[in-house]
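Student: Below: one structure in structure tokens.
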Number of protein chains: 2
Amino acid sequence: MGATKTDFYSEDQNKLSVIAKALGHPARIAIVDYLLKVDTCICGDIVSELPLAQATISQHLRELKNAELIKGTIEGTAICYCINKTTLNIFADYLSLVGQRLEMDKTNCCP
Amino acid sequence: MGATKTDFYSEDQNKLSVIAKALGHPARIAIVDYLLKVDTCICGDIVSELPLAQATISQHLRELKNAELIKGTIEGTAICYCINKTTLNIFADYLSLVGQRLEMDKTNCCP
DNA sequence: ATATAATATTGCAATATTACGATGAAATCA
DNA sequence: TGATTTCATCGTAATATTGCAATATTATAT
């Protein structure tokens, strides 16, 4: 066991969980935060920002890229990364939808 | 190895990643979706909705509860679960903040 | 061509997650 | 009381994740 039964779930459910999972590690949240802080796509210098080995960060970047949360373009010997707004919005939209639904039906729910 | 270095990251980063991680499985997204669909807190019948054993679902519910994404109250022999709006908003707010920042600085970023 | 810089990949160990059957605990009903 | 229902927990197996050192790859500079 230990393998997720993805077949049962809807496309949306699987997609959303992939995005959430990619954000489900503090290092990857930190990478997103850093990408935001530097106000432009970053070319290099992520490694010096985090207390992780270069190999580990490369791995985290790959997972963010697999989830399409970031995209990277080669720029000489460096690689420029930036946030993929489209993917981020998929998740943001989902959450705001859930939020709206919750506003509407405040049927006598758990206190 | 295999243990996350949570010490380095900010409280926010850790908290956000915990919430995201809890949503990082299609079964747990499906549970949230179901909680939303039934328009009230649900008492029972999650097990029949998903192709998972009762023990497994109980485990998923526990993780959602640990992340404070849902809360449950005992109701006779059943337990009523519903979404914890507060926690959900923490994540929704984070994403909309990121979204706003991305709108502002569209400095020549990766194409 | 060689050296250098930046990032990726591989291989591996430690740990975490996912899933299930079996069992346990608490409330309700006959 | 004993049976039933509902959910939680324990134990365990399969698989995934995390992190790093070592090595490979790719592009630039000399």
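Just so it is clear, none of the values below were taken in a lab; they were calculated from the coordinates. It should be emphasised that the depicted structure is a prediction, and the values quoted were computed from it without experimental measurement. Cβ atoms come from the backbone with ideal geometry, glycine included; neighbour counts cover every protein chain shown.
Student: Once the other residues with Cβ under 11 Å from the Cβ of B:Ser96 are scored (Lys, Arg +1; Asp, Glu -1), what is the net sum?
Tutor: Around B:Ser96, the charge tally is -2.
Student: Turning to a different aspect of this structure: Please give the FRET efficiency for A:Leu36 paired with B:Thr77, using the beta carbon to beta carbon distance and R0 = 45 Å, rounded to the nearest 0.05.
Tutor: Computed FRET efficiency for A:Leu36 and B:Thr77: 0.40.
Student: Taking each residue in B:48-54, count the Cβ atoms of any other chain within 10 Å of its Cβ, then average. What number comes out?
Tutor: For this peptide, the per-residue mean of nearby foreign Cβ atoms is 1.
Student: Also, I was wondering about something else. Using only atoms on other chains, find how many Cβ atoms lie within 10 Å of each Cβ of peptide B:94-102 and report the average.
Tutor: Counting other chains' Cβ atoms within 10 Å and averaging over B:94-102 gives 6.
Student: Whole-Hz ³J(HN,Hα) for each residue in the stretch A:22-37, computed from phi via Karplus 6.51 cos²θ - 1.76 cosθ + 1.60 with θ = phi - 60°, x for glycine and proline: what do you get?
Tutor: 5, 8, x, 8, x, 5, 7, 5, 4, 5, 4, 4, 5, 4, 6, 5
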